[in-house]
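Where a number appears in this text, it was derived from the coordinates with a stated rule and is not lab data. Please read all numbers here as calculations on a predicted model, not as lab measurements. Ideal geometry is used to build each Cβ from the backbone, glycine not excepted, and the neighbour counts take in all protein chains shown.
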Amino acid sequence: MTPLVDQFQRRITYLRVSVTDRCDLRCTYCMPERMDFLPKAEVLSFEELDRLCSVFIEAGVRKLRVTGGEPLVRRDIMEFLRRQARHLTSGQLGELTLTTNGTRLSRFAADLAAIGVRRVNVSLDTLDRETFQRITRRDQLANVMEGIEFAQKAGLKVKLNVVALKHDNAADIPGIIQWAHARSMDVSLIETMPVGDVEGDRSDQFVSLAAVRAELESFWRLKDIPDITGGPSRYVRIEETGGRLGFITPLSHNFCADCNRVRLTCTGRLYLCLGQDEHIDFREPMRAGASDADLLGLIGRGMAIKPRAHDFVISTPGAAPAVERHMSMTGG
Ligand code: SAM
Ligand code: SF4
């Protein structure tokens with residue numbers, strides 16, 4: 001099989017798949033309190049998801065990240081992951097991983113480790129119970145903390161994803177980094193992205209990671225380390241803590257030239273770029289009886305329309321989101 005290469009000669013090896021749009025939290029930057037979730041018939045079944053991911057792996061995907069919504073709220077999630085883990089055993093897939101809010105990780109951590117998951121990203125924006133409740137609209141910090149503990153005990157490497165929010169957590173970021181590095185967790189800071197309608201004005205919470213970095217550099221030494229992910233993260237090592245810190249900056253830094261990834265929604269749409277609307281639908285062809293060769297053809301068509309770059313701007317207060325779908329549809 002020839003590798004997946006797009007129209008700008010970027011090699012695509014990384015698929016993020018959102019397995020559900022549902023979630024047990026309601027992070028203010030991600031979705032409104034009263035979120036309209038999709039009817040079940042619109043969401044790919046376990047068999048459809050398994051088949052489609054397997055075809056992508058056949059086509060050359062080497063890394064599969066399962067996300068959502070909250071992947072661990074989907075009822076058949078462990079069966080799905082167990083099925084996908086066969087590609088790890090066969091050597092076709094190099095890494096199977098997931099991004100989770102951690103609320104159910106204590107229940108699943110040991111099983112994840114047992115099937116060959118080595119690393120998980122846990123999203124956690126604060127260590128303070130009240131702030132957690134304000135950001136996520138749910139009182140679940142204790143469960144997340146327990147989830148992280150269980151994950152580490154099961155031998156999973158945990159990385160924290162922290163969305164930088166001007167009013168809610170910007171002042172606490174050094175404390176979160178210190179806490180995480182003392183427990184051998186890397187941290188990635190994320191700028192809020194204008195995707196999907198939420199209640200309130202996201203531009204009000206936007207803080208540039210360039211500003212956060214400048215502040216950290218006023219008391220810590222940050223040493224750049226070369227990028228190995230082909231993604232929007234730029235990493236440094238903090239000499240004082242010894243840990244790694246990533247900056248995910250879709251707005252103030254353009255990472256698109258090295259993009260190696262595409263995203264599949266839980267409805268079977270392949271989005272070629274997080275910040276653009278170009279997509280290919282797989283659900284209807286699959287439900288109409290498409291063969292694996294047909295699906296491979298559709299993946300090839302996707303490579304031909306993957307955009308050169310995203311188009312995010314968050315400068316105008318109250319402006320409409322750059323893309324209408326929520327992060328929980330496309331996955332983080
Ligand atoms: N529920 C899981 C979680 O929170 O980790 C997985 C899905 S969530 C959509 C994936 C990541 O996207 C999380 O780290 C979350 O903080 C981030 N995210 C959600 N909405 C965002 C936004 N508007 N801007 C930046 N990051 C966002
Ligand atoms: Fe749920 Fe993750 Fe979105 Fe928060 S960021 S509402 S945990 S999907």
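Across the options Leu274, Val212, Ile115, the greatest Cα extent toward the positive end of the charge dipole of the range 14-330 (unit charges at beta carbon of Lys, Arg, Asp, Glu) belongs to Ile115.
For a paramagnetic label modelled on Glu130 (point 7 Å from Cα along Cα→Cβ), amide N atoms under 16 Å away belong, within the range 141-170, to 141, 167-170. Normalised by the number of residues in the range 14-330, the average gap of Cα pairs under 8 Å and 6 or more apart makes the relative contact order 21 percent.
Modelled spin labels at Ile115 and Ala210, positioned 7 Å past Cα toward Cβ, are 4.3 nm from each other.
A Förster distance of 35 Å, applied to the separation of the beta-carbon atoms of Asp292 and Arg107, puts the FRET efficiency at 0.55.
The three principal axes of the Cα atoms in the range 55-115 give end-to-end lengths of 33, 22, 16 Å, sorted in falling order. Extending 7 Å from the Cα toward the beta-carbon at both Gln9 and Ala170 defines two label points whose distance is 4.1 nm. Taking 4.7 Å between beta carbons as the limit, the unpaired Cys residues of the chain are Cys23, Cys53, Cys256, Cys259, Cys266, Cys273. I want to check the label-to-label distance for Asp311 and Ala182. Put each point 7 Å from Cα in the C-beta direction and report it in nm to one decimal. Computed distance between label sites Asp311 and Ala182 equals 4.7 nm. Note: the chain, Cα convex hull, 126 Å³ per residue.
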